[in-house]
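One structure is given below, encoded as structure tokens.
The values are calculated or read from the model by the stated rules, or taken from the named source; none is laboratory data. Remember, predicted model here, so these are calculated numbers, not experimental data. Cβ sites come from the backbone with ideal geometry, for glycine too, and all protein chains shown count toward neighbours. For the accessible areas, the whole protein counts, side chains as well, though only heavy atoms, and no ligand, DNA or RNA atoms are used. Shrake-Rupley method; radii C 1.70, N 1.55, O 1.52, S 1.80 Å.
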Amino acid sequence: MALLLGGCAVSNPPPVVDLYGKSSRSQPVTSGSHKVARGETLYSIAWRYGWDYKSLARANGIKAPYTIYPGQVIRFSSRAAPAPKNRPRSTASSSKPAAKPVVKPVAKPAPPAAPKVVSNVRWRWPADGELVQRFSSAGSGPRGIAIAGRRGASVVAAADGTVVYKGVGLTGYGKLLIIKHNDRWLSAYAHNDNLLVKEGEQVKSGQKIATMGSSGTFRTQLHFEIRRDGQPVDPLPLLPKKP
């Protein structure tokens, strides 16, 4: 369900989100509050304001499974705000590619890259296409990567997980999905044309979850983000190298 943005902020306006490096905010909001609108989840609010959802839940006395209600006020506090974390080092153990045959009479398409294991999450590319935007650690830089493609192309889950948000309420993201992989890792898939899964649905790595589109942006592409403990990290070191 589409989210209602009007009147969401009680005493702190939502962060300005610009996925292409003009004015995005990478630090958690540590003052003010947010009034829950219909269709929002704790995960989407935490994503918008740069919080780890667990820290935001603790700051507001919200217990698992983190159910919130329209009209509820979510408060931010500098004392409870998560400290920015350094990007994690890749601890993946990459497998060696299969040996190529000496004779290859028929040309075959390149096989998909094998998933890469980082912190017990098996990451894979969420879409095929050209990488047209890289992650930036600068405060005003893009917090994810962009993959160009054709409208209707498949967008797949980058790892096993549960869909914790489906909607259009985060300005600049268009039709958005957020997947929770475990207590520390979340991934987001923006600018989709069609969303093929529902909130609460468990998905498998490589499962088709959406089709590529241009919602909320100027060209057909997938904007893909990964967050660890609420903080954006560069997806490229976590994803396998393409063959």
- Answer with yes or no whether SER77 is modelled with pLDDT under 70, among the hydroxyl-bearing types (Ser, Thr, Tyr) and on the phi < 0 side of the Ramachandran plot. no
- Query: Which one is modelled with the lowest pLDDT among residues in region 32-47 that are among the charged types (D, E, K, R) and open to solvent by 20 Å² or more (accessible area, probe 1.4 Å)?
  - Reply: ARG38
- Looking only at region 177-204, count how many residues are open to solvent by less than 10 Å² (accessible area, probe 1.4 Å) and either over 9 Å from THR162 (Cα atoms) or aromatic (Phe, Trp, Tyr) (or both). 9
- Query: So which strands (runs of 3 or more DSSP E) stay within region 161-243 end to end and still have 3 or more residues that are closer than 15 Å to ARG143 by Cα and either out of contact with any Cys (no Cβ under 8 Å at 6 or more places or on another chain) or without any contact (Cβ under 8 Å) to a residue 12 or more places away in the chain (or both)?
  - Reply: 185-195, 221-228, 231-233
- Restricting region 149-169 to residues that are open to solvent by 10 Å² or more (accessible area, probe 1.4 Å) and among the aliphatic types (A, V, I, L, M), the residue that is farthest from SER205 (Cα to Cα): VAL168
- Task: Within region 154-203, count every residue that is of a type in the set (A, V, I, L, M, F, W, C) and over 18 Å from THR41 (Cα atoms).
- Result: 7
